[in-house]
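A short worksheet on the structure shown next.
The numbers here are math on the coordinates, done by the rules we state, and not lab data. Predicted, not measured: the structure shown is a model, and the values here were computed from it. Note that each Cβ is placed from the backbone with ideal geometry, even for glycine, and that neighbours are counted across all protein chains shown.
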Amino acid sequence: MSSWRTVRKDDLLAELAAAGVFFGADPVEDPGAGELADTAQALAGEYRASTLGHAVRRAGVLLDQAAAELRAADRFRGALLPQVTRHLCRAQAILPKARGYLETAADDEHAPAAATR
């Protein structure tokens, strides 16, 4: 029988995997925290190295923070489920901020073109 925390952990992992697709991650059906951390860290490196502006690089910094939370969740895997859930929730809270930076960067990129019409 699954406990509430186990179900919550699995739901959070699925939500984090789905959120990662926005940033360029491949869809994952049964993600683990370590796998998501590796993906977030790789994407963070790409965004931090970007020449597309400060907002994109800032999104990379936030993805790095999310990767650190996912790594912490992976370290507690199988031992302290409340800690795993806590770190997954922290990672989940960071991703919308990173997405906001990317959406701002996209809006800024399109604004000059719209103003010249």
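Given the rule -39500 (n - 2.57) for each run of at least 4 DSSP H residues, summed and divided by the residues of the chain, what is its mean residue ellipticity at 222 nm, to the nearest 500 deg cm²/dmol?
-27500 deg cm²/dmol
For Rg and Dmax of the Cα atoms in Å, several values are listed as [x] 14.7, 45; [y] 15.9, 61; [z] 18.7, 54; flag the one computed from this structure.
Computing Rg and Dmax of the Cα atoms in Å and matching it to [x] 14.7, 45; [y] 15.9, 61; [z] 18.7, 54 gives [y].
Based solely on C-alpha atoms, express the radius of gyration and the Dmax of region 7-74 in angstrom.
11.9, 40
Helix hunt in the chain: which complete DSSP H runs extend at least 24 Å axially by C-alpha with mean Kyte-Doolittle at least -0.5?
Span-like helices in the chain: 4-22, 54-75, 81-115.
Choose one of Val56, Leu102, His87: the residue whose Cα lies farthest towards the positive end of the charge dipole of region 23-115 (beta-carbon charges +1 Lys, Arg; -1 Asp, Glu; about the Cα centre).
Farthest along the dipole direction, towards plus: His87.
Dipole magnitude of region 23-115 about its Cα centre, charges +1 at Lys/Arg Cβ and -1 at Asp/Glu Cβ only, in debye to the nearest 20? Please report the intermediate quantities before stating the final value.
Values: 10 positive and 13 negative charges, 104 e Å.
Here region 23-115 has a charge dipole of around 500 debye.
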